[in-house]
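The values are calculated or read from the model by the stated rules, or taken from the named source; none is laboratory data. What you see is a predicted model, and the numbers here were worked out from it, not measured in a lab. No Cβ is skipped: glycine too gets one built from the backbone with ideal geometry, and neighbour counts run over all protein chains shown. Quick note on the areas: whole protein, heavy atoms, side chains included, nothing else; ligands and nucleic acids left out. Shrake-Rupley method; radii C 1.70, N 1.55, O 1.52, S 1.80 Å.
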Amino acid sequence: MTLRLKSFLAGKWVEGEGDGAALTNPVTGATVAFASTAGKAFDLAAAMDFSRKTGGKNLRAMTYAERAAMVGKIAETLAAQRAKYFDISRENSGATEADASFDVDGATFTLKYFAKAGAGLAGKKIRDGGRIGLSKSGAFAAQHFLSPLEGVAIFINAFNFPAWGLWEKAACALLAGVPVLVKPATATSWLTQEMVKDVVDAGIVPEGALSILCGEARELLDHVREEDVICFTGSAATAATIKTHPNVIARSVRMNVEADSLNSAILGADVTPENPLFELFVKEVVREMTLKAGQKCTAIRRVLVPKAQASAVTEAIAAGLAACKIGDPKDAEVKVGPVVNSRQQKSALEGMAQLKQDAEVAHESKDAPSSGAFIPPTLLACNNGLTAKHVNDVEVFGPVATVIPYADEAELIEIARRGCGSLVASLFSDDAAFTKNVVTGIAGLHGRTLVVDSSVNKQHTGHGNVMPQCLHGGPGRAGGGEELGGLRALLLYHRRYVVQGPPTLLDALGEDCIEINALFA
Ligand code: NAP
């Protein structure tokens, strides 16, 4: 009998009526599970109220340090089930060992980071800045504070990170003292549900702190309230629907958006094929195109190279792609699995057709299986990066990138900015003046820039790797959100307020506070 995913709401597991949506194996097309949220058992208003009242109260009774210890126990519980999660990733996402590791190990790594980072925070709220005198005698003063939100953190997540997508957010919300209700993308919700189930069964989190809705979101947004925060990851189109939901607008519900992004890898004009940075650059592009079959929000979509190196770079990337075996991830030699399902395959092929209006095919990998949701790794070449219509605009969520030559520094900066807001750009060069100019020139439209010169060499953390210590998010098209960045991440889950009054009251209010500077250490 096919697995039917239950949801965990108001402290109880509930099952929807009917089949609902089918989750599939992208290699075979077979149904691996069903997820339904139909029926009266799904009282979303009551579920969110339970999270706010019971979960929020339980979490806020703990100190940051106590919650950090809880986050650490979540990481341990998940790490113990790693093999099971890899199996689910392969069955439902078509993930290779490396793909599954990126998602699952990325989740535990991030949880462990926040467990450690929060361990020294022995307080229950945050004092923001110094005392502000408001009277000559000193009898009247002001103090800013930050307190954990008294609502629920609603995570509406994308299909490509069923593990990391939940836990990189939950680590921060739970550490802040805010209960979590996750609505994973239905297509890959099995892994998220299994992880939540393991954590709930382990009895690590207090009642109401963690809930999951598997399947259609139904009228979830009708029940969000002013104390809640919506953290959305997914397409810009869905983000716009959620942002403009009448209840979200009417209640001014806080919302953080992580959306799509046309990220660039940039090669400096000083880097010729003999320079080891050249090979490092090519390796990074190939890795970014093939890992998770290109289904990463941070993946390299545009390869910006000096005109003189365009053909050398194209040939080297093509050779790298040709060496990557495509197929069923059950085969240990396979480097590129399928995309997540036939819907995503269709969407990627449609996007590629648009890119081809601007670009030539420089390489298309052979031997992709003829059935299943496979996209052959494809490298395109576009000679008019500034005027091209689609290459700076269409995110193909698959193993596809476009090489775009640039004439000079000014043109390079202009092309990189044509992404209209990106999560990340990486820059490979030993020319210090060039890297400084480019970083400054693109900073307004990029959340993160990774610079690799000969002194960094292989020590860099990777273009697409999101480090919990560093900011993740980008302006404009990338959604305008901010996540992670070390303990800065806690700010999203707090509300700032100021109290004006007698200093004795301000002292009393500050008794269980940590200082805001602790978040920026
Ligand atoms: P999507 O189709 O926009 O779906 C995202 C989530 O929104 C899913 O959970 C979906 O649920 C839910 N949803 C759809 N309509 C809704 C509604 N009316 N009310 C409430 N929830 C609703 O995105 P996707 O295809 O899963 O993800 C791919 C995109 O995510 C790519 O563009 C990628 O770049 C982006 N992404 C960005 C980041 C980042 O950190 N910036 C990370 C990962 C992915 P159902 O699945 O049930 O429809």
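For this structure, a couple of remarks:
- For first residues located in the range 182-211 and open to solvent by less than 20 Å² (accessible area, probe 1.4 Å) and away from the ligand (no atom under 16 Å from the Cβ), partners that are among the small types (G, A, S) and in a helix (DSSP H, G or I) and lie 6+ apart or on another chain with Cβ distances below 7 Å form the pairs G208/S51; G208/G55; A209/G55.
- All positions within the range 489-517 that are assigned to a helix (DSSP H, G or I), out of contact with any helix residue (DSSP H, G or I) (no Cβ under 6 Å at 6 or more places or on another chain) and small (G, A, S): A508
- For the range 188-214, a tally of residues being under 25 Å from A30 (Cα atoms) and in contact with a strand residue (DSSP E or B) (Cβ under 6 Å, 6 or more places away or on another chain) returns 7.
- Of all residues making up the range 270-299, the number that are assigned to a helix (DSSP H, G or I), open to solvent by 20 Å² or more (accessible area, probe 1.4 Å) and out of contact with any Phe, Trp or Tyr (no Cβ under 8 Å at 6 or more places or on another chain): 4
- Looking only at residues of the range 229-245 that are out of contact with any Asp or Glu (no Cβ under 9 Å at 6 or more places or on another chain) and in a strand (DSSP E or B), we find that the one that is farthest from the ligand (Cβ to nearest atom) is V229.
- Any hit, the range 246-265, residues being assigned to a loop (DSSP other than H, G, I, E, B), near the ligand (Cβ under 10 Å from one of its atoms), of a type in the set (S, T, Y) and within 20 Å of the chain's Cα centre (by Cα): yes
- Top-ranked residue of the range 427-458 - restricted to ones that are more than 21 Å from T272 (Cβ to Cβ) and among the small types (G, A, S), ranked as farthest from the chain's Cα centre (by Cα): G441
- Scanning the range 504-521 for residues that are open to solvent by 60 Å² or more (accessible area, probe 1.4 Å) and without any contact (Cβ under 8 Å) to a residue 60 or more places away in the chain yields T504, L505, D507, E511, N517, F520, A521.
- Complete set of residues in the range 117-142 that are out of contact with any Cys (no Cβ under 7 Å at 6 or more places or on another chain) and closer than 14 Å to D512 by Cβ: L121, A122, K124
- Every condition in (1) in contact with a Ser or Thr (Cβ under 7 Å, 6 or more places away or on another chain); (2) of a type in the set (A, V, I, L, M); (3) surrounded by 14 or more Cβ atoms within 10 Å (Cβ to Cβ) is met by V361 except one, and the failing one is (3).
- Selected residue (only one of K124, K84, K169, K112 is in contact (Cβ under 8 Å) with a residue 40 or more places away in the chain, in contact with a strand residue (DSSP E or B) (Cβ under 6 Å, 6 or more places away or on another chain) and charged (D, E, K, R)): K169
This table checks each residue for (1) under 19 Å from G385 (Cα atoms); (2) open to solvent by less than 20 Å² (accessible area, probe 1.4 Å); (3) in contact with a helix residue (DSSP H, G or I) (Cβ under 6 Å, 6 or more places away or on another chain).
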site	(1), (2), (3)
A308	yes, no, no
T314	yes, no, no
K335	no, no, yes
A348	no, yes, no
G351	yes, yes, no
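- Within the range 212-228, restricting attention to residues that are under 16 Å from V152 (Cα atoms) and surrounded by 16 or more Cβ atoms within 10 Å (Cβ to Cβ), the residue that is farthest from the ligand (Cβ to nearest atom) is E227.
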